[in-house]
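Report on the structure given below.
The values are calculated or read from the model by the stated rules, or taken from the named source; none is laboratory data. These numbers come from a predicted model, not from an experiment. In this analysis, Cβ positions are derived from the backbone assuming ideal geometry, glycine residues included, and neighbour counts consider all displayed protein chains.
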Amino acid sequence: MSEKIVDEAVALEHKLNAEEWQHLLTSLGRVPTMTEVGIFGAMWSEHCSYKSSRIHLAKLPTSAPHVIQGPGENAGVIDIGDGEAAIFKMESHNHPSFIEPYQGAATGVGGILRDVFTMGARPIANLNALRFGDPSHPRTRHLVAGVVAGIGGYGNCMGVPTVGGETEFHKGYNGNILVNAMTVGIAKQDAIFYSAAAGIGNPVVYVGSKTGRDGIHGAVMASDSFDGKTAQKKRPTVQVGDPFTEKLLLEACLELMGLDAIIAIQDMGAAGLTSSSVEMAAKGNVGIDIDLDQVPQREPGMSAYELMLSESQERMLMVLKPGSEAMAEAVFHKWELDFAVIGRITDTGHLVIRRHGKVEADIPVSSLVDEAPKYDRPFVRIEPPAPLDNSQYELPDTVEAVLLKVLACPDLTSKRWIWEQYDSLVRGDTVRGPGAADAAIVRIGDGLEASAKALAMTTDVTPRYCKADPYEGGKQAVAEAWRNIVATGATPLAVTDNLNFGNPTKPHVMGQIVGCIEGLAEACRALDFPVVSGNVSLYNETDGESIPPTPTIGGVGLIADVAQAVGLGFTAPGRDIVLVGNIAGHLGQSLYLREIFGIEDGPPPPVDLAAERKAGEFVRRAILDGSVSACHDISDGGLLVALSEMCLKGNIGISVDLPNSARFLFGEDQACYLIETADGNAMLAAAAAAGLPARRIGITHGDRLDISGLMSISLPDLHHVHEGWLPHYMNG
Amino acid sequence: MKTCVIVFPGSNRERDVARALQAASGKVPALVWHGDSELPPSDLIVLPGGFSYGDYLRSGAIAAHSPIMQAVKREATRGVAVLGICNGFQILVESGLLPGSLIRNAELRFQCRTVHLKVGRTDTIFTSHYNEGDILRIPIAHADGNYAADPDTLARIEGEGHVAFRYCGDLGGVSAATNANGSVNNIAGVYNDNHRVLGLMPHLEDAVEPLHGNTEGAKFFSGLVESLA
């Protein structure tokens, strides 16, 4: 390997452009070795360096009194009271999942779980946000089957319940699917582990699986776009997951964390040993010497280059307190995992890599991190489309026919076929699982104890809104996550963001990135909902076509007494149904427009953040007062879809009075909630006192969805339509 | 009642069942590591759900050869009660403590959902708080829960009343349409000859408190506690 002449062409193979190659030569002061260029290529990749997004990410609000750790660590950490912390993050595994859906998705789950338990947290919930191509695309069915099986295969084996998420289909993802996985864990605030290495001479320890040749160049691949032919050739860059080993790694790490042995710990994710060692050294302002001969290896004859760039899964790097090696080794051997001291912390500030006694790399850590490229790429502001002439989009058919078509569309159809493949119940703390509430509710428990507290968790984004108007779409993603948490009675605390975009070297894509981030920032500020962790996935592009901008938001909230949390299903007949918020009848970018008229046009619904806050705080207080027995926000599909979902979940019918208006029934206005309450008049009075528009639209009653004078359908018929599409499609 | 829960590498529902037992008995079960060869004195041994050894080879096959399983077999022979849930059922079958085998679900997918179970005989230590024919709503979460047995074994299980639970419909109908996973005769759980060893796929332990939205599994644990106290 080291004999090969390293030049600009080799650098280009590592996705370092001519300018970056010159920058590398200047920074290093000499021509790099092959191993070194591999390390630079990984660390300066978009995936590791955020070089196109960094200056814009700085616009996001990241602090609040309850934020313990914002972006920059393995995951974000927030204070949830009683000396406890919630630790969470969402991360994409888009490129690998498109190439090899089962392993790509499985290792995505494995990676995000490691990010969370690396910090000392016991993972208590997984969520995932999936975007697939058009159902008619020849690869879509295969990708859905593989991704869902992969997520289930990993999460189920880990014993972490998968409790929520979303799945949508759009032709904009035909060439690049999105697999965004989120993990939420719980730790004691005085037992959180960070990645900054410290202590000159301290041992650097490798634990977990052995290193093989899988996933080499994963980080570089994830920073590249596809063309029609290359995707399948990239299969060897996809990692292979072993959830059983990860389960052992989880238990072993948590066991060792209970002893006084670990100074710093970092999981080996993208760019494996390279990024983990460099990040630990950089954060601690120290150097690190690694002897690769000590690394447990799965196959013989691996070079320094391969060992440093392998993305073999289920591995961790730790800096231990001197003298604690034997204790740590005993823990890992109990769990039948490899344990090896592979290096030492140094005061040189350099990453030094040895193989067979020879120095294969000697790089100042600052060259890899501080001097990584940072771009202010040119972008164009995206102007939203002109307002629609709503008169052209009156109901073309009966309300019933339109509702059934919208309710059965791939984005709104029941996703039961998917979430029944996920163990949503393991650990026994799932209070509201998939489809049961606007946000999943999982009780916080330690050991065998169960506290009254619970976390509310959700993932949200509406890509068609973001495409039409990145700024409003960015705001809406945050507002919807916030609303979904509020609608359970929980207090929204913080978010993780998973920013999926196309090729940032194209000014209109860069305009989407900038617009969305600015919209997210505005909404996060207005709603006191700071960003504590996240991930950026760019170059989601095939044959020059970029995906719709998809800044997925993972929101986390807290409810002090889980018994007060409400779901979205109606709970009893004879209750009043109250609409809180103002329905102006916004049809731009609605699913009604897309499914009934076949067009995606107009501006997305505007998000009035002050109105959001006012309505949300009113609803949350009403839930905690005990005057709300079910609550659902109005989002995709509009009011009538939301009502249908409440009927179906609760298996209780309704009798309501609604105007015969497409705008009212199917508009996707923001800041609106539907509430089931025993006393509608009291709710209306309270809303009036709060200065909020509200109206009583009817009562829960019987076993039909009945709209006076407009439609009446039995719940079994409605259920049949809502549940039918996905199983039929997958078995097709 | 003294209870122990065996923890294999890859077990993941030990906490759920330990909690259900604690709630029913007021006592914290002992967790026993699979590598141990001795069990603490126990009135009930539980093999919990999960993916022991990753369920590589076959579900439960490797765990069946764990050192602790020798002790479990010894205690079962002495008449100590043994309960295997999900992966625990698979381990009991693989270790020969229960007849038959558990193969891939008929639909070939992992399935997590609430199903209906019909309670069989109620003169055992496990089901004494139910009535025969009770219909329970209980969650399942497995990929390999399709119970299979050769015709002779099946005839014996059925003839001697060793079927503990069957998958059924909400009104109790036992048919192919109400079969959760393709199990022969809709069998969800079976006893050994003396009815002191029980294996079943459904997770009664995840249906024991109001916050689960379902408490229909609670009587199983209260019945066990009363029988073994």
Just the residues that are crowded, with 18+ Cβ neighbours inside 10 Å and within 20 Å of A:PRO604 (Cβ to Cβ), please, taken from the range A:388-404. A:LEU388, A:TYR393
Kindly check whether there is at least one residue in the range A:405-417 that is at positive phi, in contact with a helix residue (DSSP H, G or I) (Cβ under 8 Å, 6 or more places away or on another chain), surrounded by fewer than 23 Cβ atoms within 10 Å (Cβ to Cβ) and outside any helix (DSSP H, G or I). no
What do you reckon, is B:PHE126 within 14 Å of chain A (Cβ to nearest Cβ) and either β-branched (Val, Ile, Thr) or in contact with a helix residue (DSSP H, G or I) (Cβ under 8 Å, 6 or more places away or on another chain) (or both)? no
Quick one: what pairs do we get from the range A:550-562, first residue farther than 16 Å from A:ALA622 by Cβ, second surrounded by 24 or more Cβ atoms within 10 Å (Cβ to Cβ) and at pLDDT below 95, C-beta under 6 Å, 6+ apart or different chains? none
Considering the range A:685-711 alone, what residues qualify as being free of Cβ contacts under 8 Å to residues at least 60 places away in the same chain and either on the phi > 0 side of the Ramachandran plot or of a type in the set (S, T, N, Q) (or both)? A:SER708, A:GLY709
Based on this model, can you work out whether B:THR122 counts as part of a strand (DSSP E or B), within 17 Å of the chain's Cα centre (by Cα) and surrounded by fewer than 21 Cβ atoms within 10 Å (Cβ to Cβ)? no
Just to be sure I understand, how many residues within the range A:297-328 are surrounded by fewer than 18 Cβ atoms within 10 Å (Cβ to Cβ) and more than 14 Å from A:HIS356 (Cα to Cα)? 8
In the set A:ALA401, A:ALA386, which member is part of a loop (DSSP other than H, G, I, E, B), aliphatic (A, V, I, L, M) and over 24 Å from A:LYS4 (Cβ atoms)? A:ALA386
Can you pull out the residues in the range B:171-229 that are in contact with a helix residue (DSSP H, G or I) (Cβ under 7 Å, 6 or more places away or on another chain), assigned to a helix (DSSP H, G or I), of a type in the set (A, V, I, L, M, F, W, C) and surrounded by fewer than 19 Cβ atoms within 10 Å (Cβ to Cβ)? B:VAL184
Identity of the residue in the range A:398-426, closer than 12 Å to A:GLU595 by Cβ and of a type outside the set (A, V, I, L, M, F, W, C), that ends up farthest from the other protein chains (Cβ to nearest Cβ): A:LYS405
Complete set of residues in the range A:149-208 that are away from chain B (no Cβ under 14 Å), in a helix (DSSP H, G or I) and under 28 Å from A:ARG139 (Cα atoms): A:LYS171, A:GLY172, A:TYR173
Search result, residues across the range A:427-444 that are facing chain B (nearest Cβ under 10 Å) and either touching a residue at least 40 places away in the same chain (Cβ under 8 Å) or closer than 24 Å to A:ASP636 by Cβ (or both): A:ARG427, A:ASP429, A:THR430, A:VAL431, A:ARG432, A:GLY433, A:PRO434, A:ALA436, A:ILE441, A:ARG443
Show the residue pairs that are 6+ apart or on different chains and have beta-carbon atoms under 8 Å apart, the first residue being within the range A:35-63 and farther than 22 Å from A:PRO470 by Cβ, the second being in a loop (DSSP other than H, G, I, E, B) and among the basic types (Lys, Arg). A:GLY41/A:LYS15; A:TRP44/A:LYS51; A:SER45/A:LYS15; A:SER49/A:LYS374
Of all residues in the range A:618-660, which are in contact with a Gly (Cβ under 7 Å, 6 or more places away or on another chain) and not aliphatic (A, V, I, L, M)? A:ARG620, A:GLY638, A:CYS647, A:LYS649, A:GLY650, A:GLY653, A:SER655, A:ASP657
Going through B:ASP170, B:ASP144, B:ASP206 one at a time, which residue ends up being farther than 30 Å from A:GLY445 by Cβ and within 14 Å of another protein chain (Cβ to nearest Cβ)? B:ASP170
Out of B:LEU136, B:LEU154, I need the residue that is over 13 Å from the mean Cα position of the chain (by Cα) and surrounded by fewer than 21 Cβ atoms within 10 Å (Cβ to Cβ). Which one? B:LEU154
Could you list all residues from the range B:1-33 that are within 15 Å of B:VAL82 (Cα to Cα), within 11 Å of chain A (Cβ to nearest Cβ), out of contact with any Leu (no Cβ under 7 Å at 6 or more places or on another chain) and free of Cβ contacts under 8 Å to residues at least 40 places away in the same chain? B:LEU31
Count of residues meeting criterion [part of a strand (DSSP E or B) and touching an Asp or Glu at 6+ places or on another chain (Cβ under 9 Å)] in the range A:314-330: 3
Search the range B:73-116 for residues being within 13 Å of chain A (Cβ to nearest Cβ) and outside any loop (DSSP other than H, G, I, E, B), and hand back the single one that is nearest to B:SER175 (Cα to Cα). B:VAL115
Taking B:GLN70 as the residue in question, decide whether it is of a type in the set (S, T, N, Q), closer than 21 Å to B:ARG196 by Cα and more than 12 Å from chain A (Cβ to nearest Cβ). yes
In the range B:54-67, which residues are within 14 Å of another protein chain (Cβ to nearest Cβ), of a type outside the set (A, V, I, L, M) and part of a helix (DSSP H, G or I)? B:GLY54, B:ASP55, B:PRO67
What number goes with the only condition from (1) touching a residue at least 24 places away in the same chain (Cβ under 8 Å); (2) closer than 23 Å to B:GLU94 by Cα that B:ALA155 does not pass? (1)
Being more than 22 Å from A:ALA686 (Cα to Cα), among the hydroxyl-bearing types (Ser, Thr, Tyr) and surrounded by fewer than 18 Cβ atoms within 10 Å (Cβ to Cβ) narrows it down to one residue among A:SER644, A:SER661; which is it? A:SER661
Within the range B:34-50, restricting attention to residues that are in a loop (DSSP other than H, G, I, E, B) and at the interface with chain A (Cβ under 9 Å from one of its Cβ atoms), which residue is surrounded by the most Cβ atoms within 10 Å (Cβ to Cβ)? B:GLY49
Do we have any residue at all in the range A:446-462 that's among the charged types (D, E, K, R), assigned to a loop (DSSP other than H, G, I, E, B) and within 30 Å of A:ILE713 (Cβ to Cβ)? no
All conditions in (1) surrounded by 20 or more Cβ atoms within 10 Å (Cβ to Cβ); (2) under 28 Å from the mean Cα position of the chain (by Cα); (3) not in a loop (DSSP other than H, G, I, E, B) are true of A:LEU24 except (2)
Exclusive hit being basic (Lys, Arg) and at pLDDT 95 or above, set A:LYS233, A:LYS283: A:LYS283
Tell me, please, whether a residue that is assigned to a loop (DSSP other than H, G, I, E, B) and within 22 Å of A:LYS649 (Cβ to Cβ) can be found in the range A:595-605. no
